[in-house]
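What follows is a short report on a single structure.
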Amino acid sequence: MIYFINFGMPDKKSGIEHAQIKRARLFDQHHADYKFLLRDWGQWVHFETRAVGLKDEHILNMFDYYQGTTEVADQFIGVKDIDLGLDPAMLTYTNDAEKLRCGVYRPNGTILAWIGYREDDQRVAYVERYDSFANPNLIEYYDYRGFKSKVAWGAIDGTVSNNTWYDQSGRIVLRNSYQNDGTGQRQLTNWILTDLNKQIYQFDTIDQLFAHFINEVNHTTGPGNILLADQPVITDNALLELTDPAYTIAHLHSSHVVDFNQPLTSNLNEYYMYQFANASRFSAFIAATQSQADEVMARYPMIKKMYTLPVGIIADEVLAQPQIPMSKRTPGKIVALARIAGEKRHRDMIRAVAAAHKQVPEITLDLYGYVNDMKLKKSLDELIVDLEMEDVITFKPYTEDTIPVLQQAQVFLMTSTMEGFSLATLEATAQGVVGLTYDIKYGPTEIITDGVSGVVVPNGDCNALAIKLIELFKNPIQLQQMSTAAYASAQRYSGENVWQQWAMLLENGSAVK
């Protein structure tokens, strides 16, 4: 069995989650078994994973595992299904649709509970219970599948003092508590597990608990397991302290160095420091591009095995779709798909588009992505106003439905400081969008061939971006030629081509006993 290890599958996904989803679809197509090992508890874990096409049988969440709820039939729990300990006929229910909750009042008019529910289907999300003096004393959280999963217990000051998780019989299987850390901050600590055999364990952090969980899963399902650390911080130590052998893989989803111009001497990306400090103890590493793989091996020759596996996979149906000519797209439409964060350098995109717009008035730029940095977003809004580009440059909400966006675009901008691969660049290329990128490592310059399927300009040269935008839009024949080449280049990342490389890894990993 191969396990993909991560925190969870949130609504707003990073490139790692998108890569995992594409990988899972590839495995499904080839009838290869796999599971996601997910660390974090969440009411909507199964809703979120199902929403991206992942079946419950492929999800092994740590809390589900210990609560005995990995496979549970769904049932609907509505507001009136909650037992509040009093005859419902004696209670008054007052709906607060704006806040998605219902107030429940005792016969004397005091609050008994607030029952929160999901907006889409009215399923109960939580029950906040109050004592007879109207003091909140606990909050019960309900799993999407229709059962009470967690209770947060209140302290005298109204804060949460501890949390408990239950199995289906109501037995407590996990507990933790909040403690002051000496600086006045409250931290979660003291995780107490009563496992399936009623053995009791205590851990200081959730990562220690997760390491115990990974070790237990490997012990009970091996030999021949492959454990793939997509998220380095939460798994590294666990993979190096297994009681039973497994094929352990460190996956590099981003640049491993701070300065990619000096790959042999630059400071390391802090997320990968532990992995490289213990490079020889992992069974293998994965890089998304050949150039990164070569530079990692040059610096760390003690690595046992290095695989080059693109995190981007273009589905057969996408490769087979009709090509959309530039004449059928929105004239001058430029898009960028990147979270609002400093390393994405949105300021460069905005300045380049503002400069190019003076000579190509039909140019517009749509910026898609969720906000990581509100202060940065505010400054970017101010820059757009200062440049009088309010009608030209628009921030758009985060979306996973990128194909309609890309099919109307003519040019795609990429100005990050570095990228491990850049799924966004690959997705744009597969839709025939002409890429314009800084010369950065590692993915964009491997996906885009300068002068053929797109344009690569010197890193950080904002003026060059503007010049190339003007050149592209004033030369429609060249723009169309590059678009046609972009469509063709995406074939390199077909499912069949990528699967051949995964098949080799699976064969090597399953041989470990």
Original post:
Any residue in region 446-461 that is part of a helix (DSSP H, G or I), more than 17 Å from residue 291 (Cβ to Cβ) and out of contact with any strand residue (DSSP E or B) (no Cβ under 6 Å at 6 or more places or on another chain)?
Top reply: no
Original post:
Is it fair to say residue 165 is touching a Leu at 6+ places or on another chain (Cβ under 6 Å), surrounded by fewer than 19 Cβ atoms within 10 Å (Cβ to Cβ) and of a type outside the set (Asp, Glu)?
Top reply: no
Subject >> Members of region 26-41 found to be surrounded by fewer than 16 Cβ atoms within 10 Å (Cβ to Cβ) and either under 15 Å from the mean Cα position of the chain (by Cα) or not in a loop (DSSP other than H, G, I, E, B) (or both), listed by number >> reply: 28, 29
**OP:** Examine region 422-436 for a residue that is part of a loop (DSSP other than H, G, I, E, B), touching a Lys or Arg at 6+ places or on another chain (Cβ under 8 Å) and in the same structural domain as residue 454 (by TED's automatic domain parsing), and state whether such a residue exists.
**Re:** no
**OP:** Please verify whether region 137-154 includes one or more residues that are loosely packed, with under 14 Cβ neighbours inside 10 Å and of a type in the set (Gly, Ala, Ser).
**Re:** no
Original post:
If you go through region 55-70 one residue at a time, do you hit one that is small (Gly, Ala, Ser), free of Cβ contacts under 8 Å to residues at least 24 places away in the same chain and on the phi > 0 side of the Ramachandran plot?
Top reply: no
**OP:** Please note which strands (runs of 3 or more DSSP E) are completely contained in region 236-349 and include at least 3 residues that are under 30 Å from residue 470 (Cβ atoms).
**Re:** 333-337
Original post:
Condition test on residue 192, is it modelled with pLDDT of 90 or more, among the aliphatic types (A, V, I, L, M) and either out of contact with any strand residue (DSSP E or B) (no Cβ under 6 Å at 6 or more places or on another chain) or over 27 Å from residue 4 (Cα atoms) (or both)?
Top reply: no
**OP:** Considering only region 278-307, state which residues are in contact (Cβ under 8 Å) with a residue 60 or more places away in the chain, in contact with a Ser or Thr (Cβ under 7 Å, 6 or more places away or on another chain) and either surrounded by fewer than 19 Cβ atoms within 10 Å (Cβ to Cβ) or not assigned by TED's automatic domain parsing to the domain that holds residue 26 (or both).
**Re:** 290, 305
Original post:
Of 365, 380, which residue is out of contact with any strand residue (DSSP E or B) (no Cβ under 6 Å at 6 or more places or on another chain) and buried (at least 16 other Cβ atoms within 10 Å of the Cβ)?
Top reply: 380
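The values are calculated or read from the model by the stated rules, or taken from the named source; none is laboratory data. Every value quoted in this text rests on a predicted model; they were computed, and no experiment measured them. We place every Cβ from the backbone using ideal geometry, glycine too, and count neighbours over all the protein chains shown.
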